[in-house]
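As structure tokens, the structure follows; a few thoughts come after it.
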Amino acid sequence: MGDIEGRRRRGLEESIERRRHPIMVELPTPRGVDCSHALSFARKGEEYVDAFLVPDVPTGRVRADPVAVSKLLLDAVTADVVSSISVRHHSLEANISRMLGLWIVGVRNLNIVMGDALPGLSFPEHPSLGALKAIRLAKSMADGWVETSFGRARISGRPRFFVGCALLPNRRGEEERVKAKVDAGADFFITQVSFEHYTLASFFDRLASQGFRFDRPVFVALAVMKAKRSLEALRGLDGLYLPEKVAERLLSSNDLEEESIGLGMKVFHEAANSLKGRVKLGAYVLPLNGSGRSLELARGLSDKG
């Protein structure tokens, strides 16, 4: 296990069970083959971060492959690793190959996403695999088989992934999407970037009013921003709600990183208070435009340090 030989890894499932508010942080993915900055970032936060998420960013941005980065990360820290798969941008068979590769290198947690396209640009899509089918695919591997374009196929071994996916409380029809994802086998959810707490509470109120018992952990996405252009880019994301007063406060700030850290703390605690334990909440912290201060928010939210 390289640098972490002899030290016990904290699994994400265990952290969710034991921690009041588990913490996940997105890794700043290397733009080339030098991974030293990303690994140094992870080592700085491993004492209070339960899992690092390795994003899958194929939409026109040069990044290192998540399988290789995940392997290096597993060898470097005791925190767990979650690898994203942007299923829209790969064929069914390519997604199967990536899942198998991740299991081989030691990744046990997946985050199934469709993948946000860059504003104003379009990219080829592979319609054979949407989020629901991808969740079922990942979970079916535990039974030793996969469904390919050519029919059902056996695989060696029985990979048992802990599978996450997106929850966008402001998106129309999201209640039915979430019900379907739970039915497909989703184990946890990560929200769209949150700038306020009340739409999340309202979403779960609507689910409860429909008689649906939601019992999955939810990681509330909180962004730490270094450049104001990050805020403008976020406005175009599906299901994101940015109140004008909040936007004005962020854009007028002389220290955007400090302001977004404070906002993240406020949004998360207000969300936890409004839900009153009805939903297991964790925090998912992501750095934008190379912000190096996302670990400050993670540390502030953690009950470990």
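Convert each backbone phi in the range 132-145 into a coupling constant with the Karplus relation 6.51 cos²θ - 1.76 cosθ + 1.60 (shift: θ = phi - 60°), then list the ³J(HN,Hα) values in order as whole Hz, x for Gly and Pro.
Values, residue by residue: 5, 5, 5, 4, 4, 4, 4, 6, 5, 4, 5, 9, x, 8 Hz.
Give me, ordered by chain and number, the residues 5 or more places off ASN111 or on other chains with an amide H under 5 Å from its own placed amide H.
Sorted by chain and number, the residues that satisfy this are SER83, SER84, ILE85, GLY164.
If I model a spin label at LYS245 and GLU232 as a point 7 Å from the Cα along the Cα→Cβ vector, what separation in nanometres do I get?
2.5
Starting at the first residue of the range 150-160, write each ³J(HN,Hα) from the Karplus equation 6.51 cos²θ - 1.76 cosθ + 1.60 with θ = phi - 60°, in whole Hz, x for Gly and Pro.
Going residue by residue, I get 10, x, 6, 9, 6, 10, 7, x, 9, x, 10 Hz, with x marking Gly and Pro.
For the range 9-27 and the range 40-54, write down the distance between their C-alpha centroids in whole Å.
11
Measuring from the lowest to the highest alpha carbon on each principal axis, how far does the chain reach, largest first, in angstroms?
Result for the chain: principal-axis Cα extents of 55, 48, 42 Å.
Per DSSP H run of n ≥ 4, the term is -39500 (n - 2.57); total these for the chain, divide by its residue number, and report the mean residue ellipticity at 222 nm rounded to 500 deg cm²/dmol. All intermediate terms of the calculation are to be shown ahead of the outcome.
On the way: 11 runs with 118 residues, N = 305.
So the helix-based figure for the chain works out to -11500 deg cm²/dmol.
Got a sec to turn the phi values of the range 281-295 into Karplus ³J(HN,Hα) couplings, 6.51 cos²θ - 1.76 cosθ + 1.60 with θ = phi - 60°, whole Hz, x for Gly and Pro?
Coupling constants for the range 281-295: 9, x, 10, 10, 9, 10, x, 10, 6, x, 4, x, 9, 4, 5 Hz.
Could you let me know the centre-to-centre spacing of the range 229-305 and the range 83-107, using Cα atoms, in angstrom?
Cα centroid of the range 229-305 versus Cα centroid of the range 83-107: 29 Å apart.
Report, by chain and number, residues whose modeled amide H sits under 5 Å from the one on ILE155, excluding near sequence neighbours (fewer than 5 apart, same chain).
Under 5 Å from the amide H of ILE155 lie the amide H atoms of TRP145, VAL146, each far enough along the sequence or on another chain.
Do any GluC sites (Glu not before Pro) in the range 23-53 lie in a loop, going by DSSP, with at most 13 other beta-carbon atoms within 10 Å of their beta carbon, and if so which?
On the way: sites: GLU26, GLU46, GLU47; in loops: GLU46, GLU47.
Of the GluC sites (Glu not before Pro), the ones in loops of the range 23-53 whose Cβ has at most 13 other Cβ atoms within 10 Å are GLU47.
Which of LEU222, LEU256, LEU102 ends up with the largest GNM mean-square fluctuation for the chain, with Cα atoms connected below 10 Å?
Residue with maximal mean-square fluctuation among LEU222, LEU256, LEU102: LEU256.
Do you know the relative contact order of the chain, to the nearest whole percent, from alpha carbon pairs under 8 angstrom that are 6+ apart?
Values: 572 pairs, mean separation 59.9, N = 305.
Normalised by residue count, the contact order of the chain is 20 percent.
Straight-line reach from LYS226: which lysines have Cα under 21 Å away, leaving out those fewer than 8 places along the same chain?
LYS44, LYS245, LYS266
Taken together, the values in this text are just the output of simple stated rules run on the coordinates, not laboratory data. Only a predicted model underlies this, so the values are computations on that prediction, with no experimental measurement involved. Reconstructed Cβ throughout: ideal geometry from the backbone, glycine too, with neighbour counts over all protein chains shown.
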